[in-house]
Amino acid sequence: MKQGKTNVSLLHKNYLHSLTIKKRWVRFYQIVIFLLFFSSWEISSQKRWIDPLLFSSPSKIWDLFLEKLQDGSLMANLGVTLTETIFGFILGTLLGTVLAALLWWSPMLSKIVDPYLVILNAMPKVALGPILIVALGPGYPSIIAMGAIISVIITTIVVYTSFKEVDPNYLKVLQTFGATRLQCFKEAILPASFPTIISTLKVNVGLSWVGVIVGEFLVSSRGLGYFIIYGFQVFNFTLVFLSLLVIAVVATIMYQLVELLEKKLIKE
Amino acid sequence: MSFLAIKDIHHTYFTKASATTALSEISLHVEEGEFISFLGPSGCGKTTLLSIIAGLIKPTQGTILLENKPITGLKNQIGYMLQQDYLFPWKTIEENILIGLKLSKQLNEQTKSAALDLLNQMGLKGIEKQLPKQLSGGMRQRAALVRTLATEPKLLMLDEPFSALDYQTKLKLEDLVSNTLDSFGKTAILVTHDIGEAIAMSDRVVLFSPSPGKIHKVFEMPEELRNISPFNARNHEAFSSIFQKIWKELDSLETGKN
C-alpha cells in the first residue's frame, strides 16, 4: 500500500518534471528566434547584404531609442498615441455595446438596419479619415474618432449576436417573476454577454491601434504615427522602425492588461 | 368557484410554412391545494399549456382565471420551475434565490430572512455565498425551488423539474417538493412524461393526446396514495394497478395513431 503511494507520487513528480522541461524548451526556442532575428538583421546590415539606409539596424535603432528617450520626445509622442488609442478602443467598445443593446431592445430596428450594418462593416473605415478631419478638425477628436469608428461596427455585430444567443430560459425565469424588458437586460442579457464584451475589447485593442496610427498619418504633428510619416518623409527609416517596435511592445502590453482584466472580472 | 379555471383554450402556432394547432378545447378546473399532473407523449402541448397558464404565452382563444381574475396582469402569483435549474451562473445562491423578490420590489429584511430560512429547510445551509457551479445537480434544483417559492406564489408550475437528475436524486427531490408544497398548502401543476412520477406525486393525473393536444382522460388518484409521500406511494400496492391503467391508455393513444 505504502509502496503504491510512493510510486504514484514519484510518477507525479516525473510528470511535473517533464512538463517543466517542455516549457523550458519552448522558452529556449522562442529566445533563439528572437536573438537570431535581431543578430542576423544587425549582421546583414553591417555587411551591407541589405541596404542599411532602408532597413536600418538594431544597433542604430537602439541608439536612436536612447537619444529620443533622453530628449523626451519618444515618451511625449508615445503618451499622445497611447491616450488616443485607449480612448478610441474604450469608446468603440462602449458605443458598440450600446448600439447592440438598442438593436436587442427593438427587433424591428435590428431588422431594418441589418443591411446597413453589413455595408458599414464591409466598408474600409480608414477611408473615412479625410471626412473626419474636416468635420472634427485636425487634432485629438478626429484621431480618437478614427480609433473608435474602426471597431464600433464589428463590436455591435458581435455583441448583438451574443445578446441574441442568451438561453431564452433565463428570460423565462425572469418573466415568471414579472420582470420588465429592462430588468431582463440588466439581470440576464448583459451579464451573460460579459465574456463576449471583454473578448471584443481584446480585438478592439488591435483595431484601435490601426485607426489611431492611420489618423496620425493623416493629421497629426504628434504621436508615433507622426514619427513614422516624418521618418518616411526625411528618409530616416531608423525612426520608422523605432516607432514600429515601440508600438509592437506597447500594444502587446495593452493586450496582456486586458487579458488580466478578463481573468479578474470573469469569475466563472 | 374553483381556484384555477382553464376555459376552452385553443392555441395555434404560426410559421411561414404552416399553422400548427398545439392545443384544442382544453377545459379544466383545479381546486386550491390540489396537485395535478399533465402526462402525455412529447409534442402534445403540455409545456405550451403551462406557459399559457403562467401568462407567458397568450392563447389564440380561451381564458384562464385564477381566483376569478384573468391571469394577465397578475404578477408573482405563479411560480415556474423549469427542466433545468437555470440559476444564474454569475450570481451567488443568495442573489439567485432573492431575484424574484428583487424584481417585484418585495425585497426587505423579512422576506429575505424567510427565503434564507427556506434554503436552510431544504438542507442547503451555509452555501449562500457560493456560485451555482459549486453545487451538485440536486442541490441546484433545490435552490431553484427556493427561488420559485421565495415570492410566495399561489400556484406552482413544475415543467419536468426532475428529468435532468439521476434517479436517486429525483426520488429524494420528489419527496422534498411534495412535503414542502403540502406544508405550504400550495396548488401545483406538474408536467411530466414519467407515469410513476405523476402517480406518486399527484391528486389527479390529466392524460393528453397529441396533435392537436387534447385532454384525453382524467384519472383520480386513490385516497391511500394521495396521503403518503411519493416514495412510499411508489411502493404501495395500489400503485401498480393504476400504473397499468394509465400505461394501457397511453399505449392505446400510440397504437391509435398508427
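List of remarks:
- Residue in segment B:107-115 that is open to solvent by 30 Å² or more (accessible area, probe 1.4 Å) and either closer than 18 Å to A:L171 by Cβ or within 19 Å of the chain's Cα centre (by Cα) (or both) present: no
- Pairs, first under 16 Å from A:I247 (Cβ atoms) in segment A:58-71, second hydroxyl-bearing (S, T, Y) and surrounded by 17 or more Cβ atoms within 10 Å (Cβ to Cβ), C-beta under 7 Å, six or more apart: A:I61/A:T238; A:L64/A:T238
- For segment A:150-195, the candidate set comprises residues that are of a type in the set (S, T, Y) and touching a helix residue (DSSP H, G or I) at 6+ places or on another chain (Cβ under 7 Å); within that set, the residue that is farthest from A:G211 (Cα to Cα) is A:Y170.
- Among the conditions (1) more than 19 Å from B:A198 (Cα to Cα); (2) within 14 Å of chain A (Cβ to nearest Cβ); (3) within 15 Å of the chain's Cα centre (by Cα), the only one that B:L4 does not satisfy is (2).
- So B:D182, is it over 30 Å from B:A114 (Cβ atoms) and open to solvent by 40 Å² or more (accessible area, probe 1.4 Å): no
- Of all the listed residues (A:G231, A:G206), the sole one being more than 14 Å from chain B (Cβ to nearest Cβ), small (G, A, S) and open to solvent by 20 Å² or more (accessible area, probe 1.4 Å) is A:G206.
- You will find that of B:T15, B:T47, the residue that is β-branched (V, I, T), farther than 24 Å from A:G178 by Cα and open to solvent by 30 Å² or more (accessible area, probe 1.4 Å) is B:T15 and no other.
- Residue within segment B:93-101 that is farther than 28 Å from B:F3 by Cα and open to solvent by 20 Å² or more (accessible area, probe 1.4 Å) present: yes
- Looking only at residues in segment A:177-201 that are free of Cβ contacts under 8 Å to residues at least 12 places away in the same chain and over 28 Å from A:M254 (Cα atoms), the one that is surrounded by the fewest Cβ atoms within 10 Å (Cβ to Cβ) is A:L182.
- Take the conditions (1) buried (at least 16 other Cβ atoms within 10 Å of the Cβ); (2) within 14 Å of chain B (Cβ to nearest Cβ); (3) free of Cβ contacts under 8 Å to residues at least 40 places away in the same chain; A:N169 misses just one of them, which is (1).
- Boolean, B:E254 is over 19 Å from B:M157 (Cα atoms), in contact with a His (Cβ under 9 Å, 6 or more places away or on another chain) and assigned to a helix (DSSP H, G or I): no
- Scan of segment B:126-161 for residues that are in a helix (DSSP H, G or I), among the polar types (S, T, N, Q) and either under 13 Å from B:L176 (Cβ atoms) or facing another protein chain (nearest Cβ under 9 Å) (or both), ordered by number: B:Q141, B:T148
- Inclusion of B:K105 among residues that are in a loop (DSSP other than H, G, I, E, B), within 13 Å of another protein chain (Cβ to nearest Cβ) and free of Cβ contacts under 8 Å to residues at least 24 places away in the same chain is warranted.
- In segment A:181-200, residue farthest from the other protein chains (Cβ to nearest Cβ) [restricted to those that are of a type outside the set (V, I, T) and in contact with a Leu (Cβ under 8 Å, 6 or more places away or on another chain)]: A:C184
- Meets criteria (farther than 18 Å from A:G206 by Cα and open to solvent by 20 Å² or more (accessible area, probe 1.4 Å)) for A:L95: no
- Restricting segment A:234-266 to residues that are of a type in the set (D, E, K, R) and surrounded by 11 or more Cβ atoms within 10 Å (Cβ to Cβ), the residue that is farthest from B:L87 (Cα to Cα): A:E259
- A:I133 vs. criteria open to solvent by 40 Å² or more (accessible area, probe 1.4 Å) and away from chain B (no Cβ under 12 Å): no
- Every listed requirement among (1) away from chain A (no Cβ under 14 Å); (2) in a strand (DSSP E or B) is met by B:L119 save one, (2).
For (1) among the hydrophobic types (A, V, I, L, M, F, W, C); (2) in contact (Cβ under 8 Å) with a residue 40 or more places away in the chain, each residue gets a yes or a no:
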residue	(1), (2)
B:L190	yes, yes
B:S209	no, yes
B:H216	no, yes
B:R226	no, no
B:S241	no, no
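- Only one entry of A:G225, A:G178 meets the criterion of being within 14 Å of chain B (Cβ to nearest Cβ) and not basic (K, R), and that entry is A:G178.
The values are calculated or read from the model by the stated rules, or taken from the named source; none is laboratory data. As the structure is a computational prediction, the values presented were derived from the model and not from experiment. Cβ: placed from backbone, ideal geometry, glycine included. Neighbour counts: every protein chain shown. SASA here: full protein model, heavy atoms, side chains in, ligands and nucleic acids out. Shrake-Rupley method; radii C 1.70, N 1.55, O 1.52, S 1.80 Å.
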